[in-house]
Amino acid sequence: MRKVIGIGETILDIIFQNNQPSVAVPGGSVFNGMISLGRMGADVSFISETGNDRVGNTILEFMRENNLTTEYMSVFPDGKSPVSLAFLDENSDAEYLFYKDYPAQRLDVVFPKIQEDDIVVFGSYFALNPVLREKVVEFLELAKERKAIIYYDPNFRSTHKDEAMRLTSTIIENLEYAHIVRGSIEDFENMYKLNEVDRIYKEKIQFYCPNFLCTNGAEDISLRTRTIAKEYPVEPLKTVSNIGAGDNFNAGLIYGLLKYNILYRELDTLSEAQWDKIVECGMEFSAEVCRTFSNSVSSEFAALKSIYFR
């Protein structure tokens, strides 16, 4: 079976509604999508780090419950596992406060074996952080050499907007590694002060990576490749929380790549009909996660959809 291998942060999200804590769930941008794919029965590995404390133990146990091995987790003895407070507004969008206390030694892990046509997922500030960069690049080089499909979600939050200029060369390097880039309009406003999909693709993405998807909340999803320019309308939805929407759109796209057996050598020549089916999977996963406080798709949804992996 083809593997999905993610690298990113783990964090405990404490979600507030009307300034009251509603639920605490393990999270992290890449992590959320990996949990969904684990629930679906995909062969998933996740590379990350957490503390040797109660929060860290909660995260590790949550991974095991959802079919993710903890073999590639670095558990640090000093420092504390990170926590975020997510305050939901009237549109179910979150404003975050992060609490982090990392040790000097970071991401001390051995990488899983990567084979051709496996799918590697990376993104967020984790993929830009100078402290982690050497290890991230080592992993991406390995994935590139083995001809894995590399999927990049910049997930560039407004908290790092002031660093965008300084991080430009690292962002470009990430785009060069990627075979698929999926970002939100908000990401590109924060990185480049751009909010028009065609300009973003032509000026910032196309030269480095030919396959680009752009999401924009409840607005259309845009697909741009060398031969296709298409918009996909998003069905109206009563939303409980948008926290995992983009992460699970990623998970759905990856599920689509696996379900329809899209291989590394085929990726740049996919037809519109193939992309339609893959994007539909992304939209289904994203819609499902918006209906609850969970950061990942429900076990019930997974039971209905996971027949491909049996």
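The values are calculated or read from the model by the stated rules, or taken from the named source; none is laboratory data. Remember, it's a predicted structure, so these values are computed and weren't measured experimentally. Cβ atoms come from the backbone with ideal geometry, glycine included; neighbour counts cover every protein chain shown.
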Determine the pairs where a residue that is β-branched (Val, Ile, Thr), located within segment 89-104, has a partner that is surrounded by 11 or more Cβ atoms within 10 Å (Cβ to Cβ) with Cβ atoms under 6 Å apart, the partner being 6 or more residues away or on another chain. none
I need every pair where a residue in segment 46-58 that is under 14 Å from Ser74 (Cβ atoms) and acidic (Asp, Glu) has its Cβ under 6 Å from the Cβ of a residue that is modelled with pLDDT under 95 and not in a strand (DSSP E or B), sequence separation at least 6 or different chains. Glu49/Leu107
Could you give me the residue pairs with C-beta distances under 6 Å whose first residue belongs to segment 144-162 and is under 15 Å from Asn129 (Cβ atoms) and polar (S, T, N, Q), whose second residue is in a helix (DSSP H, G or I) and modelled with pLDDT under 95 wherever it lies, and which are 6+ apart or on separate chains? Asn155/Ser29
Matching residues in segment 138-159 - criterion: being surrounded by fewer than 17 Cβ atoms within 10 Å (Cβ to Cβ) and either within 12 Å of Phe188 (Cα to Cα) or in contact with a Leu (Cβ under 7 Å, 6 or more places away or on another chain) (or both): Arg157, Ser158
Within segment 72-81, is even one residue touching a Lys or Arg at 6+ places or on another chain (Cβ under 8 Å) and acidic (Asp, Glu)? no
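Taking the conditions exactly as written (surrounded by 15 or more Cβ atoms within 10 Å (Cβ to Cβ), of a type in the set (Phe, Trp, Tyr) and more than 30 Å from Glu134 (Cα to Cα)), does Tyr232 satisfy them or not?
On the way: surrounded by 15 or more Cβ atoms within 10 Å (Cβ to Cβ): yes; of a type in the set (Phe, Trp, Tyr): yes; more than 30 Å from Glu134 (Cα to Cα): yes.
Yes, satisfied.
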Does segment 130-139 contain any residue that is touching a strand residue (DSSP E or B) at 6+ places or on another chain (Cβ under 9 Å) and under 18 Å from Gly282 (Cβ atoms)? no
Within segment 165-193, work out how many residues are farther than 16 Å from Asn211 by Cβ and surrounded by fewer than 15 Cβ atoms within 10 Å (Cβ to Cβ). 6
Sole miss for Val109 among (1) free of Cβ contacts under 8 Å to residues at least 24 places away in the same chain; (2) surrounded by 13 or more Cβ atoms within 10 Å (Cβ to Cβ) is condition (1)
Among the candidates Leu223, Leu258, residue that is outside any loop (DSSP other than H, G, I, E, B) and closer than 14 Å to Ile180 by Cα: Leu223
Exactly one of these conditions fails for Thr225: (1) modelled with pLDDT of 95 or more; (2) buried (at least 23 other Cβ atoms within 10 Å of the Cβ). Give me its number. (2)
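Starting from residues that are of a type in the set (Phe, Trp, Tyr) and free of Cβ contacts under 8 Å to residues at least 40 places away in the same chain, keep the ones in segment 59-82 and report whichever is nearest to Val297 (Cα to Cα). Step through it out loud before you land on a result.
Narrowing segment 59-82 to residues of a type in the set (Phe, Trp, Tyr): 62, 72, 76.
Now drop any that are not free of Cβ contacts under 8 Å to residues at least 40 places away in the same chain, which leaves 62, 76.
Numbers: Phe62: 14, Phe76: 29 Å.
Top of the filtered list is Phe62.
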Of these, Val23, Val55, which one is more than 14 Å from Ser294 (Cβ to Cβ) and either in contact with a Pro (Cβ under 9 Å, 6 or more places away or on another chain) or assigned to a strand (DSSP E or B) (or both)? Val55
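This table checks each residue for (1) assigned to a helix (DSSP H, G or I); (2) in contact with a Leu (Cβ under 8 Å, 6 or more places away or on another chain); (3) not acidic (Asp, Glu).
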position	(1), (2), (3)
Thr239	no, no, yes
Ala251	yes, yes, yes
Leu267	yes, no, yes
Phe301	yes, no, yes
Leu304	yes, no, yes
Please tell me if Asn211 is in contact with a Cys (Cβ under 9 Å, 6 or more places away or on another chain) and either at positive phi or surrounded by 14 or more Cβ atoms within 10 Å (Cβ to Cβ) (or both). no
